[in-house]
Amino acid sequence: MKQYATDMRTALADTLIQLERDNDRILWLDSDLMASSGMNKFREAYPDKVINCGIQEANMFGVAAGLSEEGFVPFVHSFSAFASRRITDQIFMSGIYARQNVRIVGSDPGLSAGPNGGTHISLEDMGILRTLPGTMILDPCDPVQLKAVTAQSVDRKGIYYIRLMRKSKDQFYEEGTSFEIGRASILKEGGDLSVITCGTVCVREALKAAEILEKEHIHVRIVDMFTVKPLDREAVLKAAAETGAIITLENHNIYNGLGSAVAEVIAEEGIRIPFKRMGVPDSVGEVGTLDYLLCKFGMDGASVAKTAKELIEKKS
Amino acid sequence: MGVKYQNSDELQKFADRIRLHAIRSMHASKGGHVGGVLSLCELMAVLYGKVMEYDPENPRMEERDKVVLSKGHCGPVLYSALALSGFFPEEELLTLNQDGGHLPSHCDMNKTTGIDMTTGSLGQGASTAAGMALGKKMLGRKGMVYLILGDGELNEGQVWEAAMFAKQHRLDNLLVLVDWNHQQLDGYTEGICDMGNIENLFRAFGFGAVTVDGHSVEAVEKAIVQAAAEKDGIPKCIVLDTMKGKGWSVTEGKTGIHHIGITDEMMAEAEKEFAGKEL
Ligand SMILES: Cc1ncc(C[n+]2csc(CCOP(=O)(O)OP(=O)(O)O)c2C)c(N)n1
Ligand SMILES: [Mg+2]
């Protein structure tokens, strides 16, 4: 796997440092997790633009909404579990209903919080945010993509939720690749089946699956749906029409995340193709290494490859 | 009933054994929340070695004293105390954080024998402990609920909602123990979200409160025994003045030790350091 020069969190800090030059209203609010978010680097550059609130996520979000009302562009950060589950009503009322602009960064998404265990593993963060009206949900897979979508989000209105795989350096895209929020990116072409996925963990596993399948002359398309909401319906329709079978793979409960969003499109359009949601099957996480957890929930590359073959068999 | 230690020398040795086993346990998983684990060793020794009513043969005994380690990231110190008190074999401490294991970094009542409440999302233990104390009262059950909070954890508003609730419902069977180790994750609490005088804060919320040297087993024992004996309808709080990373030269008196890696070399040094204590 190609490695980027910095990890995701440093890429985010570098991006915010750059953006701050043109937009001095950008703020970073943290909840006693500066050492984890890597934003001490941003603080060194802009000491006045960082507010470490302490361990009080709900208050932090409310304060951010107030700062937004005064014209700032606040980013708030916690681990993804606490940046979603723990502050849902604040996001709804002070954020969405009051029409404020806040970017929520949730780090260690899904199973990547394995060393901290079940309490920190967020398999419902995207589901919670997806149900809240008008939100935008981004699950970028590498530093190149993260930088691009963060920059785009800053000038837009509303509530953004950005998943941050903070320690990963995995690089899937060439530096400078352009992305558009709301438009999927095709990571690999193929005509036999599409794997629609998002985020570092699952993009990595999808690529592993594709490699296994290539050896058997099966060519799958990998659709990187880094904007989980609003979903790129066109990309789903094209995948269905051109490959005739779809797997969704997400670092999340299979309910209410990427798989559900894709299923909604398929059902509403009356498309009849083999389709399978892969992800965590409605259960809580537990302590463990990422590889162990991926295998336990059947989300590793080999399991994806196996499921792909089963689906391709069913194509008429 | 667990192992009981008669005098404070024995109790201090028990605290240091808890310390060493916790370090070994975290070493087995290549690291952990060392700072907040080491500041709690004396408290654990007093609770499990002296004052608490429990039965390792019957860990779910209804009228036992219960512990809610709301700063759930410090599971290893509690696991160490539990293992050394007979709840499970000492060797299991070396399975910390293993795939499919019983000892996750954060406390999980459904995975580990002797853990009374699941914690890990800071602040939530305050409310569950209040609920357990209220439940005991409603059912006329004996036993205290010992709620252990971090000083950084006090930033969470939920802690203070629970405090108001405890006062309103006269939960004198709830004893709050604040690990005032002066640091949270990003550094000294003073520079992040200064809680001021914690003892006075709890008083203002209607608690009886004292501050003691949290690394003196005598002082901790005396304060707990006294607070638990007072059945006056007033919830109590003991602020334990402690040091994050206490009792290991690698971490004592340092910052940046909230969570650290523990290499084999560091462990070998730790073994030498503790060998001198003749535990
Ligand atoms: C709700 C919530 N927010 C953030 C965290 C991440 N976190 C774990 S420990 C910690 C610092 C805790 O500081 P303190 O309560 O002082 O504990 P100690 O110093 O005893 O380790 C943080 C921010 C968490 N576990 N839960
Ligand atoms: Mg502390």
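The values are calculated or read from the model by the stated rules, or taken from the named source; none is laboratory data. Predicted model, so just to flag it, every value in this text is computed and none were measured. Every residue, glycine as well, gets a Cβ built from its backbone with ideal geometry; the counts of neighbours run over all protein chains shown. The protein model used for the area step is the full one, side chains on, heavy atoms only, and it has no ligands, DNA or RNA in it. Shrake-Rupley method; radii C 1.70, N 1.55, O 1.52, S 1.80 Å.
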Top-ranked residue in the stretch B:93-120 [being surrounded by fewer than 22 Cβ atoms within 10 Å (Cβ to Cβ) and either within 16 Å of ligand 2 (Cβ to nearest atom) or outside any loop (DSSP other than H, G, I, E, B) (or both); ranked as nearest to the other protein chains (Cβ to nearest Cβ)]: B:95
Close pairs (9 angstrom Cβ cut-off, 6 or more residues apart or separate chains): under 27 Å from residue B:226 (Cβ atoms) in the stretch B:174-190, of a type in the set (Val, Ile, Thr) and within 8 Å of ligand 2 (Cβ to nearest atom) anywhere: B:180/B:189; B:181/B:189; B:182/B:189
Residue match in the stretch A:288-295 (condition: in a loop (DSSP other than H, G, I, E, B), in contact (Cβ under 8 Å) with a residue 60 or more places away in the chain and open to solvent by 50 Å² or more (accessible area, probe 1.4 Å)): yes
Some residue of the stretch B:38-57 being away from ligand 1 (no atom under 16 Å from the Cβ), within 14 Å of chain A (Cβ to nearest Cβ) and of a type in the set (D, E, K, R): no
Some residue of the stretch B:124-142 being within 11 Å of chain A (Cβ to nearest Cβ), free of Cβ contacts under 8 Å to residues at least 60 places away in the same chain, crowded, with 22+ Cβ neighbours inside 10 Å and more than 20 Å from residue B:65 (Cβ to Cβ): yes
Answer from A:278, A:299 - the residue that is assigned to a strand (DSSP E or B) and more than 14 Å from chain B (Cβ to nearest Cβ): A:278
